[in-house]
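Visitor: Submitted below is the structure of interest, expressed as structure tokens.
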Amino acid sequence: MRDDVIKMRMSLPQLQIIDEAELEEDREYLMQMYPAKARLIMVMVEDECDKLEYEGSPMFAPYPDKETILGISKKIFDRVTFDKGDITLKQLIDVLICNEICVRRNRYKRRRKFF
């Protein structure tokens, strides 16, 4: 084998295998630090996202529909609050939903590479 080919192969970075279980464990650990109300909301967010986790779901569209996200947010907001004017809580729910969708989209993309 030629020396330049050997040098090139030696300089290629090693592919890193992503350990899904380790990522999920780390995420769950950090979520334990959420305030109690945020943890309650997060359970509801996860339940709603579970309902959207199917092939062809708007959650996995290249550009997720904002109305879908706002609909999920409104549903959760109506269940957890008595003060409909609490915009901070509404915004927290929006952020938690967007974050959860991002996590699931990334996991979906990683898994699709192998199948």
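Read the figures in this text as sums done on the coordinates, not as results from a lab. As the structure is a computational prediction, the values presented were derived from the model and not from experiment. Every residue, glycine as well, gets a Cβ built from its backbone with ideal geometry; the counts of neighbours run over all protein chains shown.
Visitor: With the cut-off at 19 Å, tell me which of the pairs K74/K109; K51/K90; K51/K74; K75/K109 have Cα atoms farther apart than that.
Guide: K74/K109; K51/K90; K75/K109
Visitor: Another question about this same structure. Put a dot 7 Å past each Cα toward the Cβ at K75 and E24; how far apart are the dots in nm?
Guide: Label-label distance for E24 and K75, simple model: 2.2 nm.
Visitor: Separate question: Working out 0.36 nm times the residue gap between F82 and A38, then minus their Cα-Cα distance, what length gain in nm do you get to one decimal?
Guide: Stretched fully, the F82-A38 segment lengthens by 14.3 nm.
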